[in-house]
1. Mind checking which pairs have a first residue in the range 34-45 that is without any contact (Cβ under 8 Å) to a residue 40 or more places away in the chain and a second that is surrounded by fewer than 24 Cβ atoms within 10 Å (Cβ to Cβ) and β-branched (V, I, T), Cβ under 9 Å, 6 or more apart or different chains?
2. Restricted to the range 1-57, and to residues that are part of a loop (DSSP other than H, G, I, E, B) and within 14 Å of the ligand (Cβ to nearest atom), which residue is farthest from the chain's Cα centre (by Cα)?
3. When the residues of the range 103-123 are filtered to those that are away from the ligand (no atom under 15 Å from the Cβ) and either among the acidic types (D, E) or open to solvent by 70 Å² or more (accessible area, probe 1.4 Å) (or both), which remaining residue is nearest to the chain's Cα centre (by Cα)?
4. Determine the pairs where a residue that is in contact (Cβ under 8 Å) with a residue 24 or more places away in the chain and farther than 18 Å from N69 by Cβ, located within the range 108-134, has a partner that is within 11 Å of the ligand (Cβ to nearest atom) and among the hydrophobic types (A, V, I, L, M, F, W, C) with Cβ atoms under 6 Å apart, the partner being 6 or more residues away or on another chain.
5. Are there any pairs, at least 6 apart or on different chains, whose C-beta atoms fall under 8 Å, with the first in the range 62-87 and open to solvent by 60 Å² or more (accessible area, probe 1.4 Å) and the second assigned to a loop (DSSP other than H, G, I, E, B), and if so, which?
6. Quick one: in the range 137-154, of everything that is open to solvent by 10 Å² or more (accessible area, probe 1.4 Å) and outside any loop (DSSP other than H, G, I, E, B), which residue is farthest from N87 (Cα to Cα)?
7. Out of the residues in the range 205-221 that are free of Cβ contacts under 8 Å to residues at least 40 places away in the same chain and buried (at least 18 other Cβ atoms within 10 Å of the Cβ), state the one that is farthest from D5 (Cα to Cα).
8. Across the range 178-204, which residue is most open to solvent (accessible area, probe 1.4 Å) among those that are among the β-branched types (V, I, T) and within 19 Å of I145 (Cβ to Cβ)?
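The values are calculated or read from the model by the stated rules, or taken from the named source; none is laboratory data. As the structure is a computational prediction, the values presented were derived from the model and not from experiment. Reconstructed Cβ throughout: ideal geometry from the backbone, glycine too, with neighbour counts over all protein chains shown. Heavy atoms of the whole protein, side chains included, go into the accessibility calculation; ligands, DNA and RNA do not. Shrake-Rupley method; radii C 1.70, N 1.55, O 1.52, S 1.80 Å.
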Amino acid sequence: MARLDNKVAIITGGAKGIGFACAKRFVKEGAKVVVTDVDEEVGQKSIYEFGDSAIFIKQDVSKEADWQNVIKKAEAHFGHIDILLNNAGILSFNNAEEIDEKTWHQVLSVDLDGVMWGVKFGIAAMKENGGSIINLSSIAGLIGISNLYAYNAAKGGVSMLTKSAALYCAEKGYPIRVNSVHPGYVHTPMVDVYPEMRKSLEALHPMGRLAQPDEIANMVLYLASDESSFSTGSEFVVDGGYTAQ
Ligand code: NAD
């Protein structure tokens, strides 16, 4: 038996980075995956290697109508949904003095609203048969980072929304677990577009390096599988010691 045999997963923002690493890992462990992303071109190419085990659906996670479409198509194609990985996100450098209205709403709409809609529609889809919802937060969801003002607020919101939804499901008797994952900096397109920051970012981690996407996928896989059956409403940190300081 593979660790995700007979399970179907939706992975948002799965065209690249951490989401793509998770899709790869999930398929290797027997799952069928629905990869969604705003980037249709890269998204369509990314699933090619998964054959019949994956479909791609274009989605903007901040739009409620896009969520309805994704759930409908995923259920029509694979019959059921067992795992939802709310991974799509954007990064933006800004601080408490320089933040502008447009940037604030842009970051919050993808990084917080996108997860909020995912949790809402994920619960509706999985409340009968059960499942696991995994929300990608960050170390920025646990500690303050002064030049990531909007991102910091959104990721902190993801941590709390995760706990609230986990308690709600438990109280309702829905067999759904909801947890958040908190990576330190990871080698993905999100971070690799700033090569000039590489050394200073590495120095923030006591282990002296950034994470590889697969190291985050290992944690996500654990939470997606039945091995994490008693974990809900919790924060899973994968940060090379960053927040231990
Ligand atoms: P990435 O930029 O490499 O990939 C993110 C993907 O999300 C892209 O394919 C992008 O097209 C997609 N996306 C962006 N906006 C979207 C939207 N509105 N709807 C649907 N898809 C959208 O990023 P990553 O580094 O793989 O990050 C994945 C998640 O992990 C994010 O939530 C990020 O905040 C979080 N995270 C990343 C790091 C890091 O250092 N890379 C650290 C901590 C947390």
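1. Pairs that qualify, where the first residue is without any contact (Cβ under 8 Å) to a residue 40 or more places away in the chain and the partner is surrounded by fewer than 24 Cβ atoms within 10 Å (Cβ to Cβ) and β-branched (V, I, T), are V35/I47; V35/I55; V35/I57; G43/I57.
2. Only one residue tops the list, namely I47.
3. Among them, the one singled out is K120.
4. L108/A154; D111/A154; L112/A154; I134/L85; I134/V220
5. E75/I81; H80/N129
6. Among those that are open to solvent by 10 Å² or more (accessible area, probe 1.4 Å) and outside any loop (DSSP other than H, G, I, E, B), it is Y149.
7. Among those that are free of Cβ contacts under 8 Å to residues at least 40 places away in the same chain and buried (at least 18 other Cβ atoms within 10 Å of the Cβ), it is H205.
8. V193
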